[in-house]
């Protein structure tokens, strides 16, 4: 509970720092609507994914309120939050991306929370399968297991500077060159920092959860791994865009330049319409 609380506090502080340092193009009403949707969708998704991790056990304990109320899933929370935010933005008519400021705070929050998972041991059900590797950890039952929580912590902490680099590239894409007034060509565009986090984390969990003793629901994969695959397919177009990016010829505006200019115009029109 302590590390879970610390994760929330660290995430909020990191978000406020990122917003103050990088700025926020989203108007306050839109930003708070997005945050509200993310929290509500995350809570619902986290619970649903937990119940789907072991469908047979959920069916047997369907009338047990303690079972139904216990447990959460990070993957479910992320997917539920993503769906809720996209729905809220569609309802509000908001076109610009709003997720970049959450990428690093969410990564840090999960990493801190996983420290608590590691220290909790077997009762947390986030440990790995038995291993003979020298870094295997005995969680109290005399069996050396993959410390999958530690793998996740290391991965997320390594991901944070990469996300920061992506955000710098996004910031560069919105700057104009001199003296022509065109935009810098960039592999990344607004919204890509959060997408990069989701793709990286889903790919990691797809592999790492194969080292956990979870129930396999189909084709040797657990429910979480299937959700990870779905999200990776959802972002497949962005992955192809990053891999296939080519710098435009000098003097020729890229698709990103044109899109960034259009977004800038929309933001300016919205601001002017507010006065």
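Output the residue which, of all residues in the range 210-225 that are free of Cβ contacts under 8 Å to residues at least 60 places away in the same chain and either surrounded by 16 or more Cβ atoms within 10 Å (Cβ to Cβ) or within 15 Å of the chain's Cα centre (by Cα) (or both), is farthest from residue 111 (Cα to Cα). It would help to see each step written out before you state the result.
Quick first cut of the range 210-225, residues free of Cβ contacts under 8 Å to residues at least 60 places away in the same chain only: 210, 216, 218-221, 225.
Checking which are either surrounded by 16 or more Cβ atoms within 10 Å (Cβ to Cβ) or within 15 Å of the chain's Cα centre (by Cα) (or both) leaves us with 210, 221, 225.
Working: 210: 19, 221: 24, 225: 19 Å.
Looking at the filtered set, the residue picked out is 221.
Considering only the range 23-57, state which residues are over 19 Å from the mean Cα position of the chain (by Cα), under 25 Å from residue 92 (Cβ atoms) and not in a loop (DSSP other than H, G, I, E, B).
28, 29, 30 - these are the residues of the range 23-57 that are over 19 Å from the mean Cα position of the chain (by Cα), under 25 Å from residue 92 (Cβ atoms) and not in a loop (DSSP other than H, G, I, E, B).
If residue 123 meets every condition in (1) without any contact (Cβ under 8 Å) to a residue 24 or more places away in the chain; (2) closer than 17 Å to residue 4 by Cα; (3) part of a loop (DSSP other than H, G, I, E, B) apart from one, which number is that one?
It is condition (3) that residue 123 fails.
Checking residue 180 against (1) modelled with pLDDT under 90; (2) assigned to a helix (DSSP H, G or I); (3) out of contact with any helix residue (DSSP H, G or I) (no Cβ under 7 Å at 6 or more places or on another chain), which test does it fail?
The single condition residue 180 does not satisfy is (2).
Exactly one condition in (1) out of contact with any strand residue (DSSP E or B) (no Cβ under 9 Å at 6 or more places or on another chain); (2) surrounded by fewer than 20 Cβ atoms within 10 Å (Cβ to Cβ) is not met by residue 106; state its number.
Condition (2) is where residue 106 drops out.
Would you be able to say whether some residue in the range 79-95 is surrounded by fewer than 20 Cβ atoms within 10 Å (Cβ to Cβ), out of contact with any helix residue (DSSP H, G or I) (no Cβ under 8 Å at 6 or more places or on another chain), at pLDDT 90 or above and at positive phi?
No - not one qualifying residue is present in the range 79-95.
Taking residue 145, is it farther than 18 Å from residue 5 by Cα, without any contact (Cβ under 8 Å) to a residue 24 or more places away in the chain, surrounded by 14 or more Cβ atoms within 10 Å (Cβ to Cβ) and over 23 Å from the mean Cα position of the chain (by Cα)? Don't jump to the end; show me each part of the working.
On the way: farther than 18 Å from residue 5 by Cα: yes; without any contact (Cβ under 8 Å) to a residue 24 or more places away in the chain: yes; surrounded by 14 or more Cβ atoms within 10 Å (Cβ to Cβ): yes; over 23 Å from the mean Cα position of the chain (by Cα): yes.
In short, yes.
The values are calculated or read from the model by the stated rules, or taken from the named source; none is laboratory data. Values in this document were obtained by computation on a predicted structure and should not be read as measured data. Please note: Cβ atoms are built from the backbone with ideal geometry, for glycine as well, and neighbour counts cover all protein chains shown.
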